[in-house]
Amino acid sequence: MATDTDSHSSSAATRWDVRVPTAGLDERLGLVLGASALVVVCTSMLIATALALGMSGGPAAEPSPGLIYGASAVGLLAGVGLCWWRFDESERRAAFPLSRPSRTELGWTFVFLPLGIGGFLAGEQVAALLGFDLPAFYAYDLTDPATALGVVLGAVLVAPLAEELLFRGALVGAVLESRRSVVFAGAVSVGLFAGYHVFALGVAGVFAIAGWAIFPTILRFRFDNLAGAWLLHLLNNLYAYVVIAVLAS
């Protein structure tokens, strides 16, 4: 059950308190959606520019993994930076609820780590039944310095924090304040977050990411905090983009 920032009545079904922001984030929904689009535009432009300048094999070449993940890091920072710049102090506090996690939140986070991987695999299987295959997004050589730098910077360090701030922070806050529905806000967040990955992982990736994204979304609502979701995202990406890549090599 959603409650506002001054009321903390609990839902009989979930016994959770979900705070609805009252900072005017509902009027910032267009800005947040624009920031999400900026991530894609900025990333695409950086990759295209690097290829045109011959920095990754020439205009007709496939962009290198280091270039892709490095450009995505810049794009994500641009999107989050736009929101941070345009929000006032109260809007930032409401959009980015980030504080030290409790032991309970940490416990949920570590339990959700394997569950999230299971959700990803389940989404991948659903996509396969529909005829879509997931590309091998970890097929790269981490012994190459440029690749390692791009993967670690983009996928492990920047993406977990920036994506949580944008999709489960600002976006959830804006939709929640506008519609006062946890289910709707969560669905919008999961849907847009998963859809944003179609450029890198294809249609199958949208299903897989949606299956995973359920779990950080639950953490964000359960604890009114992005710390657990951020940690879950970081550990997941460390596993998916580094550990699996090393094992695959």
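The values are calculated or read from the model by the stated rules, or taken from the named source; none is laboratory data. All figures in this text were calculated on a predicted structure; none of them were measured in a lab. Cβ placement follows ideal geometry from the backbone for every residue including glycine, while neighbour counts extend to all protein chains displayed. Ligands, DNA and RNA are excluded from the accessible area calculation, which covers all protein heavy atoms including side chains. Shrake-Rupley method; radii C 1.70, N 1.55, O 1.52, S 1.80 Å.
Return a yes/no flag: does region 30-46 have any residue that is over 30 Å from residue 239 (Cα atoms), at pLDDT below 95, in a helix (DSSP H, G or I) and open to solvent by 30 Å² or more (accessible area, probe 1.4 Å). No, there is no match, as no residue in region 30-46 is over 30 Å from residue 239 (Cα atoms), at pLDDT below 95, in a helix (DSSP H, G or I) and open to solvent by 30 Å² or more (accessible area, probe 1.4 Å). The selection criterion, being open to solvent by less than 40 Å² (accessible area, probe 1.4 Å), among the hydroxyl-bearing types (Ser, Thr, Tyr), in a helix (DSSP H, G or I) and touching a Phe, Trp or Tyr at 6+ places or on another chain (Cβ under 6 Å), does not hold for residue 109.
Within region 97-113, is there a residue that is closer than 26 Å to residue 249 by Cβ and either touching a helix residue (DSSP H, G or I) at 6+ places or on another chain (Cβ under 6 Å) or of a type in the set (S, T, N, Q) (or both)?
For region 97-113, residues closer than 26 Å to residue 249 by Cβ and either touching a helix residue (DSSP H, G or I) at 6+ places or on another chain (Cβ under 6 Å) or of a type in the set (S, T, N, Q) (or both): present.
Among the residues of region 36-51 satisfying the criterion of being touching a Gly at 6+ places or on another chain (Cβ under 8 Å) and β-branched (Val, Ile, Thr), which is nearest to residue 195 (Cα to Cα)? Across region 36-51, the extreme among qualifying residues is 40.
Within region 192-213, if we keep just the residues that are touching a Leu at 6+ places or on another chain (Cβ under 9 Å) and among the aliphatic types (A, V, I, L, M), the residue that is nearest to residue 104 (Cα to Cα) turns out to be 209.
Of everything in region 220-244, what is closer than 16 Å to residue 183 by Cβ and over 13 Å from the mean Cα position of the chain (by Cα)? Give them in sequence order.
Residues of region 220-244 closer than 16 Å to residue 183 by Cβ: 220-222.
Those that are closer than 16 Å to residue 183 by Cβ and over 13 Å from the mean Cα position of the chain (by Cα): 221, 222.
Per the listing 207, 132, 199, the residue uniquely aromatic (Phe, Trp, Tyr) and closer than 20 Å to residue 39 by Cα is 199. Within region 166-173, one or more residues are in a helix (DSSP H, G or I) and in contact with a Cys (Cβ under 8 Å, 6 or more places away or on another chain).
With respect to (1) over 30 Å from residue 34 (Cβ atoms); (2) in contact (Cβ under 8 Å) with a residue 40 or more places away in the chain; (3) charged (D, E, K, R), the lone exception for residue 103 is condition (2). Has region 155-163 got any residue that is within 19 Å of residue 98 (Cβ to Cβ) and in contact with a strand residue (DSSP E or B) (Cβ under 9 Å, 6 or more places away or on another chain)? Within region 155-163, not a single residue is within 19 Å of residue 98 (Cβ to Cβ) and in contact with a strand residue (DSSP E or B) (Cβ under 9 Å, 6 or more places away or on another chain). Under the condition of being within 28 Å of residue 141 (Cα to Cα) and charged (D, E, K, R), the residues counted in region 207-249 number 0.
If you go through region 138-184 and keep only what is open to solvent by 30 Å² or more (accessible area, probe 1.4 Å) and of a type in the set (Phe, Trp, Tyr), you end up with 138, 184. All of 135, 114 fail the test of being open to solvent by 20 Å² or more (accessible area, probe 1.4 Å) and in a loop (DSSP other than H, G, I, E, B), apart from 135.
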